[in-house]
Structure formats: C-alpha cells, structure tokens
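**Q** Quick one: structure below, then a few questions.
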Amino acid sequence: MSIYRIAAIQMASGSNVSANLNEAARLILEAVNMGAQLVILPENFALMAMHGTDTLKVCEIPGKGPLQDFLSQQAARHGIWLVGGTLPLVANDPQKVRAACLVFDKTGTCVARYDKVHLFDVSVTANEHYCESDTFEAGTQTVVIDTPFGRLGIAICYDLRFPELFRCMLTQGVEIISVPSAFTAVTGRAHWELLVRARAVENLCYIIAANQGGYHVNGRETYGDSMIIDPWGVVLTRLNRGAGVICADINLENQTTIRRNFPVLQHRKIQCTFNGNG
C-alpha cells in the first residue's frame, strides 16, 4: 500500500511546559482518532519562551529528559511515527542550545534528529526583532530517513527560505518533508503559502507544514495556516488559526507518476552538496 494518513498539529504554545504538553497530547490523540499514522508537531511545541534563558532552563541532553520522554511515550502509546516539532538540546556552546527536531517510530524509539540550520536573525518590523543566534547554535547537516511512509526529510521554519537545503534533501531521495514552524504573523501573511507550495512544486514532494498559530503570552503573534501540500503544489488541507489538527492522505504511487511524467528533477544541471561540518 502506498497511501498513508498524515497529520499536522497547530498550536499556540505558551510559557507553561506542562500545559503545552497536555495540549499536545490532546491534539495527538485527536490526530490518531482521525487515522493518522505520521504526526508532525510545530516548532516550539513545548515552550514559547518569555526569555532566551527560559530555553536554557528546559534544555535536555540527547536521550534523556521529560520532553523527549513525552514524545517517546506518545509515539509508543498510539503506535504512530511522531515528528517532535523542536525542543532544546545541549549545544557545544554552554550558553546556547540546539533547536532539535526528533523523530520517533511507533515503538517510541528516536530514529532521527535534525538541528535547525538557518537561524532567524531579522527585523520583521521597526518594533519586531528576532535574533535566534543569541540563544541557538545552528545545525550543520541535512536529514532524510527511511520510514514506512517514504523517504522523510526535515526542515524547520526559516529553513523554508533556503531552497538549496531542500535540493540537498532531494539528492538523498526525499519524498515527504516535514516543516515544523513558528512563522510570524507579518512574514506569514506575505510569504508562508508561497514558500511552502514552492518547496513542494520544485521538488515534486509532499510538504507537511505544522505551524504555530495565534497570540502567545510572550507578546509574539504567529501566523498559523498549517498545510499539507501535494507534489503538484495543491493544498490538500489547511487550518487558519488556533489549535487544531489537519489530516490528509498521501499517495506515493501518484507522486511516482508525476515524477515520471514530468521529469523536471532529472533535468537538473546543477547538483547540490552541503558543506557543513557535522
């Protein structure tokens, strides 16, 4: 069988970790009840920090900690594959963390880790500024893994603006890309749908974009509009604002047909390589 049920979860996470985990658990159960076999949480699902130091306080070492335990237990309890949005893991710099996306299989085993490569250091408006590099240490490697649902790649939020990252995943045979995000309301209105659909079309792949969507206690507003996009750029399902779940069926045979009949991927003249040092 090459048709699989995929879910993206949208949240409006706050500064209370326990409350966020309870909400994530509720939404994961909702996704399972909708038949989802693969579930993607948004970036910062467990904590939308008030201050950068808050992230350091909940930082975990790989393989140990309540946030990782939560993800493992949810995957095993429901027998699903779970893409764990992002959570803070220790970095080489003790004053920073890695924004890590962990993937758990249906037994609750962590089978992959991607650390956010591109950090959001921008001025969105005259009064809205972000400098993720103050708190986070950038990752250096792309990640594409085998799953029962096809070759799964991972990108995070700001990564969407760097198509070369997605091309590198394509050279690794990617078929589905999960994109946990916390896009700002301003940049989301301007570019979110454009970027998500473009990454799907240019790589003829499925994109599962799970976004934060709402107002947060730290004063931030995120855009929402979580989407699942097919390889032709069609929006299969979406959720405007607030917490919730969207589900869609992905069809790998249909994707194979599109790639065969429209062989744009075979016509590439420039091949991408990633120069980061793991």
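**Q** Find the residue count for the stretch 122-147, including only residues that are closer than 18 Å to Ala190 by Cβ and not in a strand (DSSP E or B).
**A** 2
**Q** Criterion first (modelled with pLDDT of 95 or more, surrounded by fewer than 14 Cβ atoms within 10 Å (Cβ to Cβ) and farther than 30 Å from Gly35 by Cβ) does Val234 satisfy it?
**A** In short, no.
**Q** Would you confirm whether any residue within the stretch 154-164 is more than 30 Å from Lys57 (Cα to Cα), buried (at least 19 other Cβ atoms within 10 Å of the Cβ) and within 15 Å of the chain's Cα centre (by Cα)?
**A** No, there is no match, as no residue in the stretch 154-164 is more than 30 Å from Lys57 (Cα to Cα), buried (at least 19 other Cβ atoms within 10 Å of the Cβ) and within 15 Å of the chain's Cα centre (by Cα).
**Q** Mind checking which residues of the stretch 1-54 are touching a helix residue (DSSP H, G or I) at 6+ places or on another chain (Cβ under 6 Å), among the hydroxyl-bearing types (Ser, Thr, Tyr) and within 21 Å of Val179 (Cα to Cα)?
**A** Residue satisfying the conditions is Ser13 alone.
**Q** Select, from Gly219, Gly233, Gly213, the only residue that is outside any helix (DSSP H, G or I), touching a Lys or Arg at 6+ places or on another chain (Cβ under 7 Å) and farther than 13 Å from Gln10 by Cα.
**A** The unique qualifying residue is Gly233.
**Q** Which of (1) under 22 Å from Ile228 (Cα atoms); (2) outside any helix (DSSP H, G or I); (3) touching a residue at least 12 places away in the same chain (Cβ under 8 Å); (4) not small (Gly, Ala, Ser) does Leu119 not meet, given it meets every other one?
**A** Here Leu119 clears every test but (1).
**Q** Out of Gly219, Gly150, Gly244, Gly224, which single residue is surrounded by 16 or more Cβ atoms within 10 Å (Cβ to Cβ) and closer than 23 Å to Ala99 by Cβ?
**A** Within the list Gly219, Gly150, Gly244, Gly224, the selection yields Gly224.
**Q** Go through the residues of the stretch 155-162 one by one and say whether even a single one is charged (D, E, K, R), out of contact with any strand residue (DSSP E or B) (no Cβ under 8 Å at 6 or more places or on another chain) and within 26 Å of Asp225 (Cα to Cα).
**A** Looking for residues that are charged (D, E, K, R), out of contact with any strand residue (DSSP E or B) (no Cβ under 8 Å at 6 or more places or on another chain) and within 26 Å of Asp225 (Cα to Cα), one finds at least one in the stretch 155-162, hence yes.
**Q** Which of the strands (runs of 3 or more DSSP E) contained wholly in the stretch 47-114 include at least 2 residues that are of a type in the set (Val, Ile, Thr)?
**A** It comes to 97-104.
**Q** Then there's this: Please specify each residue of the stretch 17-36 satisfying the condition of being touching a strand residue (DSSP E or B) at 6+ places or on another chain (Cβ under 9 Å) and touching a residue at least 40 places away in the same chain (Cβ under 8 Å).
**A** Once the filter is applied, which keeps residues that are touching a strand residue (DSSP E or B) at 6+ places or on another chain (Cβ under 9 Å) and touching a residue at least 40 places away in the same chain (Cβ under 8 Å), the stretch 17-36 yields Glu23, Ala24, Leu27, Ile28, Glu30, Ala31, Val32, Met34, Gly35, Ala36.
**Q** Quick check on the stretch 252-260. Is at least one of its residues on the phi > 0 side of the Ramachandran plot and at pLDDT 95 or above?
**A** No, the stretch 252-260 contains no residue that is on the phi > 0 side of the Ramachandran plot and at pLDDT 95 or above.
**Q** Could you please find all residues in the stretch 161-189 being in contact with a His (Cβ under 9 Å, 6 or more places away or on another chain) and farther than 23 Å from Gly52 by Cβ?
**A** The answer is Phe162, Leu165.
The values are calculated or read from the model by the stated rules, or taken from the named source; none is laboratory data. Predicted model only: the values in this text are computed from it and were never measured. Heads up, the Cβs are rebuilt from the backbone with ideal geometry, glycines too, and the neighbour counts pull from every protein chain shown.
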